[in-house]
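First up is the structure itself, then whatever we jot down about it.
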Amino acid sequence: HVSTPLFLPQPRTPPHLPPRRRLEPQDTVTVRGGVLQLDCQAQCDVATGPVAITWRKDGVLLSAVVDDRRRQLTNGSLLVQNVVHSRHHRPDEGEYQCLATVDGLGSIVSRTAKVTVAGPLKVVVPTESVSSYLGDTALLRCEVSGDPTPVIRWQKNREDLPTNLDPDSRLAALPSGSLQVSRVQPPDSATYRCLADNPGSTRTGTDGELRVLPGDMSEYYSFLSRSVPAGDVLSVAALLGTDAVLECSASGYPTPSVQWTRGDEQIQSWCVLGYCSRVTRVIPQIPRCVCSCLPAVPPQFLNYPTNTLAYESTDIELECAVTGNPPPTVRWTKNGEEVIPSDYFQIVDGSNLQILGLVKSDEGFYQCVAENSAGSSQAMAQLLLRDGFKAPGVVLPSAPRDLVPVLVSSRFVRLSWRPPEESGGAVQTYGVYYSQDAVERERSVNVSEPESLELTVSNLKPEESYSFRVVAYNDVGPGESSAPLRITTKPDLQVPSRVESLRADALSPTSVQVSWEPPVQPNGPLLGYRLLWSESPTGKEQSVEVNGLNYKMEGLNKFTEYTVRVLAINRYGPGTATEPVGVTTQSDVPSAAPQNITLEVVLSRSIKVSWQPPLRSGQNGVITAYKIKYRKTGRRGDQEAIEPNNFWYLFTGLEKGSQYSFQVAAMTANGTGPASDWFTAETPENDLDESQVPDQPSSLHVRPLPNSIIMSWTPPLSPSILVRGYIIGYGVGSPYAETVRVDSKQRYYSIENLEPSSHYVISLKAFNNAGEGVPLYESAVTRSLTDPIDPSEDDLFHLFDKYPTPMPDTSTPMIPPVGVQAVALSSDSVRVSWADNSMTKNQKSSEVRYYSVKWKTSYSTSGKYKVRHKRSTTFTHTVTGLKPNTMYEFAVMVTKGRKSSTWSMTAHATTYEAAPSSAPKDLTVISREGRPRAILISWQPPMEANGRITGYILYYTLDKNMPIDDWVMEAISGDRLTHQVVDLNLDTVYYFRIQAKNAKGVGPLSEPVHFRTAKGRGGEHTYWPSDNNLIDKSSINESPIGQMRPPHGSATPQKNSNLLVIIVVSVGAVTVVVVVIVALICTRRSSAQQRKKRASHGASKRKGSQKDLRPPDLWIHHEEMEMKNMEKAPSVAPSGRNSPTQSCQDLPQVAHSQSGSQIGSKMDGDEASSSISTLERSLAARRGTRGKMMIPMDSQPSNTRE
């Protein structure tokens, strides 16, 4: 490889150091299956950190480690092993560039190196025997095609003819490869053959004999070789600037002359006997012509760009003058990226780069790249911006005063100002800085004379807003800036108006025809038009100058959307552009084949073919269907099937025990694209049985190592039962601590990441859709780390010779990971693990593999997957950032180079619970009708409950600024969404907050909600007794209805009283019946228990033993009793404490609840509450003793034991 070292200049140290020699990649021709190495090295003159080398192929950046064949060496070179090349798949052929980058400094790009993979040679026209008269011209034809174009040489009687023939020689090798023999002589009679060579292959042509006949003096003429028949018109397609070769060889007597015409005009012929790249003078002379040619010259620089140090907002121009033959094209790059011309980056004088209004991001390395057919060259310059600073003790000018516009036009603005109050010395110059609205760049221009206080800013756009400011400079530097002045330019009445009727029509997949009408107001003669277009979605705009009213855009991307604009230009400048018009190039047949083809044998007569669409860049339109061709091995002819909807197709009715090949091609409305390679699968002789589970594997062998156990097995002995896979279980002392699923073709597995010197139990069982078979067990003790492995120990893998497992073939699709498991680690993380059956025996590989893990919530049917990619040699990945208490499903895919497997089967895991992370929402407080001291509170569960809600805690107070610990707190068990608060003061503002709780803790508090209770009617103490009476709320329900007085102003109809009496009497009767039934049941049960006790007591005496009595569970009802004591009225004593523990009358009592459906049963009791509010009593109790409040954290009370 011819290469030289590349150096980067020293950063930010003026004067700049020029670049030195480079080690760059060179044009290379390689062969399929060979090794390709492209060299690239770079150095920097100062220690600024390492120089990073990256590579591009066809303009696309390659990763540092591309795949298993391509890798980047430590010295920066790119190594490609086992070069791949086929008719439709050429991943290694193309244009390569290396990019050298220094952090904080910039990047430079190398020359473009073209890599060509030599293809096989094909003989198009073989050599045939010819006869020629003495003194005539003979032509021995030999045309061989290949890429790259082969070199043709000839042999005469199996001896090589000179490659470079003497111009005076009668032998001439034509550009097509044919051999022309002029003025044939008797010694020319011999056997000839051609030999074609390129780096990829060599072909030897057939033998052809040249026979010399005696001279015949009769007149005759004949064409030996011609591009077209005599008199016909020739059509030859050639790229602009390349060579077109037209051959014409004739024989006859007398010796004929050959003339060429173009149309009706006779022209000098192109050189036939000598091949030149540029023919400038041709002297016709039969039988040969003499060419005077200018050789192709690679680009050479006449003027190099220079390193530049500039201030922000200024304009610079980087020069670059080149010469060459043919004339080279020039483009510019910045830090390796091509510079797209725009309003602020302009190509001037053909090759110079002008940058207007410098900003900090413009710093970097700029390269002038010149290219022609003979080669390419680059020249580099670095652009740095000065940092303005003020030294201590230095006086700079103050801001200029009174900046005003003197004249505002459509294209220029004239400004004036007054000198600054403090100049700090003589003012050297003034600088005017201006910027267009919505444009970050600011440009500057200086006055020509120091004492000038006016300046005209030109080259502005009409009807645009600009901001202007002025800065004064003294000997030290720039001073303060004036306040910005905003000015809008006037409409331009001199430039052309907008063009009319802009249309864009797609002509083909790569061309668009754009047409328009002239502007209504050209304002003078038009100099031309400017057509601007941009490609979606990149948005990079390109332009071209057009003289007519239409233009054909060619070389576009297929089935791609473009936007087009046109503006007219006269001597005053360009006018306003039209509104963008969208157009999409036509679709075409796909240029790429479907990918990831997989075959699955479903039954003995069915095979399922699956695939994925071609790459988007190769679809060239909307894929309408897929064409699948298939054929049986050994049988001629292909059959086709069309699948319009799915990415799979099931072939049925195949022959049993036969091998079939399949290939898939994508289709658009334009036709069918290239087909994939052929993939082969074989149907079994008979359908396997899946109505029963598989038998036990016939054998299992294990070999322990310090950190792994290698296991191998043989399938079940019954070949008629279908086996879809195997389940491997293992663990210390238990075979089911960890499980892994592997494919049915797998015959070995390596259990990794084990502890040394540990006893493991291993299980293996086969499974199918009917279920799992009987497991086979084996145990092994892993070796200690100090125990050496005996090299003479028989290798376990000799067992595989008897039951071979085919190794993964690079031409077959990747096998998806198996045994995917998901285990929750916390409330927001899950560990995903899997196995990769496509790896080598010991489950370790030096190949570079990437694993992709995707996941989404299980309940989301339309949710999108999130995907993480990782390069790893382990088979686990921890997914973080998940939601608590949420079930997720996970799948894994493996990628090796350009091949990827399908997604694996999904695994599910539910993250742990966490405390609620949001407050209950929609907290609402409403009053109870007819009960001014009671309110009803409702809410909705929190958005992020993070678990099952076990209860809520309600806080309320009179002063919202009090600490939350001083608010009254009421615990609400369960998941109820309503609660009643009673005994509130009338006409009082209360503040309420609520928080949710679950098994992991409490969540945040809601925002305070205030509510004012109703005003009382007829006096506060008229109908609402105070707490001094110590009335039990339960006794109110038992008192006669007639003793209660309704609220003031309401009536009590007699029929309502009668109805209430009937209800009370009915409830009392039902209660008596229930008590009698319970008493009878308890009496019978107690007598039966006594009989059992006597019988058991006698039996125990006979046996001489006595059972231990089980102590009572003192924790039963503990929480419930605490709640009862808290909710009992002070006048009611606990009723259950003196009762026997096992008494039948100790039935669980129903505690008073203020929530949900029980609110209605307490309405009457609430109305009899005292006028002294619960809030006041609670606050008084808090001031006395604060430690009595108990908050139940469990939503469900313990079950009552009988």
Discussion item. For region 182-202: of the residues being touching a residue at least 24 places away in the same chain (Cβ under 8 Å) and small (Gly, Ala, Ser), which is farthest from Ala138 (Cα to Cα)?
Written reply: Gly200
Worksheet entry | Selection from region 955-969 of residues that are assigned to a strand (DSSP E or B) and either under 52 Å from the mean Cα position of the chain (by Cα) or surrounded by fewer than 16 Cβ atoms within 10 Å (Cβ to Cβ) (or both) | Tyr955, Tyr956, Met969
Worksheet, complete the sentence: Across (1) exposed (fewer than 14 other Cβ atoms within 10 Å of the Cβ); (2) at pLDDT below 85; (3) among the charged types (D, E, K, R), Arg401 clears everything bar (2)
Discussion item. So, restricting to strands (runs of 3 or more DSSP E) that lie completely within region 61-119, which ones have at least 2 residues that are out of contact with any Phe, Trp or Tyr (no Cβ under 7 Å at 6 or more places or on another chain) and at pLDDT 85 or above?
Written reply: 78-80, 94-102, 113-118
Worksheet item: Can you find a residue in region 938-954 that is in a strand (DSSP E or B) and either over 30 Å from Arg1012 (Cβ atoms) or basic (Lys, Arg) (or both)?
Response: no
Worksheet entry | Selection from region 682-717 of residues that are of a type in the set (Gly, Ala, Ser) and loosely packed, with under 15 Cβ neighbours inside 10 Å | Ser691, Ser698
Practice prompt. Working only within region 669-688, note down all residues that are touching a strand residue (DSSP E or B) at 6+ places or on another chain (Cβ under 7 Å) and farther than 30 Å from Arg724 by Cβ.
Written response: Thr672, Gly673, Pro674, Ala675
Discussion item. Quick check on region 804-822. Is at least one of its residues modelled with pLDDT of 60 or more, among the aliphatic types (A, V, I, L, M) and surrounded by fewer than 14 Cβ atoms within 10 Å (Cβ to Cβ)?
Written reply: no
Worksheet item: Within region 137-161, how many residues are over 15 Å from Arg203 (Cβ atoms) and at pLDDT below 80?
Response: 0
Discussion item. Can you tell me which condition Val1065 does not meet? The list is (1) open to solvent by less than 70 Å² (accessible area, probe 1.4 Å); (2) at pLDDT 50 or above, and all the others hold.
Written reply: (1)
Discussion item. Cβ-Cβ under 6 Å, sequence separation 6+ or interchain: first residue in region 918-932 and in contact (Cβ under 8 Å) with a residue 24 or more places away in the chain, partner of a type in the set (Lys, Arg) and assigned to a strand (DSSP E or B). Which pairs?
Written reply: none
Discussion item. Anything in region 122-141 that is assigned to a loop (DSSP other than H, G, I, E, B), of a type outside the set (Ser, Thr, Tyr) and surrounded by fewer than 20 Cβ atoms within 10 Å (Cβ to Cβ)? List them, or say none.
Written reply: Pro126, Glu128, Leu134, Gly135
Item to complete: Looking only at region 782-793, decide whether some residue is part of a strand (DSSP E or B) and at pLDDT 85 or above.
Response: no
Item to complete: Collect the residues in region 509-539 that are open to solvent by 30 Å² or more (accessible area, probe 1.4 Å) and within 42 Å of the chain's Cα centre (by Cα), keeping them in residue-number order.
Response: Thr510, Gln513, Ser515, Arg530, Trp533, Glu535, Ser536, Pro537, Thr538, Gly539
Discussion item. Going by what's in this entry, would Ala909 be described as modelled with pLDDT of 90 or more and assigned to a loop (DSSP other than H, G, I, E, B)?
Written reply: no
Practice prompt. Scan region 654-681 for residues that are open to solvent by 20 Å² or more (accessible area, probe 1.4 Å), outside any loop (DSSP other than H, G, I, E, B) and touching a Phe, Trp or Tyr at 6+ places or on another chain (Cβ under 8 Å) and report the count.
Written response: 4
Item to complete: Could you tell me whether region 4-25 includes any residue that is of a type in the set (A, V, I, L, M), assigned to a loop (DSSP other than H, G, I, E, B), open to solvent by 30 Å² or more (accessible area, probe 1.4 Å) and at pLDDT below 80?
Response: yes
Discussion item. Could you tell me how many of the residues in region 540-597 are polar (S, T, N, Q), in contact with a Gly (Cβ under 6 Å, 6 or more places away or on another chain) and either more than 30 Å from Pro614 (Cβ to Cβ) or crowded, with 18+ Cβ neighbours inside 10 Å (or both)?
Written reply: 3
Worksheet entry | Residue in region 893-900 that is open to solvent by 30 Å² or more (accessible area, probe 1.4 Å), farther than 28 Å from Asn82 by Cα, modelled with pLDDT of 70 or more and of a type outside the set (A, V, I, L, M) present | no
Worksheet item: Yes or no: Lys997 assigned to a loop (DSSP other than H, G, I, E, B) and either more than 39 Å from the chain's Cα centre (by Cα) or charged (D, E, K, R) (or both)?
Response: no
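Conditions tested, residue by residue: (1) among the charged types (D, E, K, R); (2) more than 28 Å from the chain's Cα centre (by Cα).
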| site | (1), (2) |
| --- | --- |
| Glu655 | yes, yes |
| Gln659 | no, yes |
| Gln663 | no, yes |
| Ala675 | no, no |
| Phe679 | no, yes |
| Glu682 | yes, yes |
| Asp695 | yes, yes |
Discussion item. Let me confirm something: among Arg933, Arg976, which residue is of a type in the set (Lys, Arg) and open to solvent by less than 50 Å² (accessible area, probe 1.4 Å)?
Written reply: Arg933
Discussion item. Looking only at region 606-624, filter to residues that are surrounded by fewer than 16 Cβ atoms within 10 Å (Cβ to Cβ) and in contact (Cβ under 8 Å) with a residue 12 or more places away in the chain; which one of those is nearest to the chain's Cα centre (by Cα)?
Written reply: Leu615
Worksheet item: Would you say Val144 is touching a residue at least 60 places away in the same chain (Cβ under 8 Å), more than 25 Å from Asn82 (Cβ to Cβ), of a type in the set (A, V, I, L, M, F, W, C) and surrounded by fewer than 20 Cβ atoms within 10 Å (Cβ to Cβ)?
Response: no
Worksheet item: Could you say whether any residue in region 456-477 is open to solvent by 60 Å² or more (accessible area, probe 1.4 Å), within 23 Å of Ser416 (Cα to Cα), over 47 Å from the mean Cα position of the chain (by Cα) and modelled with pLDDT under 90?
Response: yes
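Let's see how each residue does on (1) of a type in the set (A, V, I, L, M); (2) over 25 Å from Leu986 (Cβ atoms); (3) at pLDDT below 90:
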residue: Ala915; (1), (2), (3): yes, yes, no
residue: Ala919; (1), (2), (3): yes, yes, no
residue: Glu929; (1), (2), (3): no, no, yes
residue: Met943; (1), (2), (3): yes, yes, yes
residue: Asp965; (1), (2), (3): no, yes, yes
Practice prompt. State whether the residues of region 435-446 include one that is under 50 Å from the mean Cα position of the chain (by Cα), of a type in the set (Ser, Thr, Tyr) and not in a loop (DSSP other than H, G, I, E, B).
Written response: yes
Worksheet entry | Filter result for Gly731 (farther than 30 Å from Pro590 by Cβ and small (Gly, Ala, Ser)) | yes
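The values are calculated or read from the model by the stated rules, or taken from the named source; none is laboratory data. Source: prediction; values computed, not measured. Don't worry about glycine lacking a Cβ; one is built from the backbone with ideal geometry, like all the others, and counts go over all protein chains shown. Just so you know, the surface numbers come from the protein's heavy atoms only, side chains and all, with ligands and any DNA or RNA stripped out. Shrake-Rupley method; radii C 1.70, N 1.55, O 1.52, S 1.80 Å.
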